[in-house]
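Have a look at the structure below, then the notes.
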Amino acid sequence: MPRAKVGRPRTRPDHILADKAYTSSRNRRHLRRRGISHTIPERRDQRRHRLNRGFRGGRSPGFDSGRHKKRNTVERAINRLKAFRALAPRYEKRACIHLGTVTLTAPTIWLRT
């Protein structure tokens with residue numbers, strides 16, 4: 001489908017799914033400033049420190065567990081694909097050949113489960 005507007009393409013995602021490594025307040029603040037919603041789980045130590053501060057600790061960041069579960073599913077699928085020697089280092093030069101390798105590998109994984 002062609003773009004409706006002229007000019008620079010859109011570079012801002014609607015939503016970001018990340019793991020606990022990106023849970024810092026600085027990352028969350030940056031995403032909030034840019035108007036990007038996010039699903040990032042809170043680490044245990046951060047939760048404990050926030051609760052120890054009482055009402056000054058603020059409220060807990062929003063977390064959609066259903067969305068995070070979908071992210072985990074996709075990540076596991078990618079890791080299964082990487083188990084095949086031809087896919088992990090990406091030896092192929094052309095994207096269409098790489099896509100063909102992925103297309104052949106995916107049913108193989110599905111049939112093994």
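Every read-out reported here was derived from the displayed coordinates using simple, explicitly stated rules and does not represent laboratory data. Not measured: the values here are computed from a predicted model. Here the Cβ positions follow ideal geometry from the backbone for every residue, glycine too, while neighbour counts run over all protein chains shown.
Mind listing whichever residues of the range 1-58 are in contact with a helix residue (DSSP H, G or I) (Cβ under 8 Å, 6 or more places away or on another chain), loosely packed, with under 11 Cβ neighbours inside 10 Å and either in contact (Cβ under 8 Å) with a residue 40 or more places away in the chain or part of a helix (DSSP H, G or I) (or both)?
51
Yes/no per residue for (1) exposed (fewer than 10 other Cβ atoms within 10 Å of the Cβ); (2) of a type outside the set (A, V, I, L, M, F, W, C); (3) in contact with a strand residue (DSSP E or B) (Cβ under 9 Å, 6 or more places away or on another chain); (4) within 30 Å of residue 38 (Cα to Cα):
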residue: 71; (1), (2), (3), (4): no, yes, yes, yes
residue: 85; (1), (2), (3), (4): yes, yes, no, no
residue: 96; (1), (2), (3), (4): yes, no, no, no
residue: 104; (1), (2), (3), (4): no, no, no, no
residue: 107; (1), (2), (3), (4): yes, yes, no, no
residue: 111; (1), (2), (3), (4): yes, no, no, no
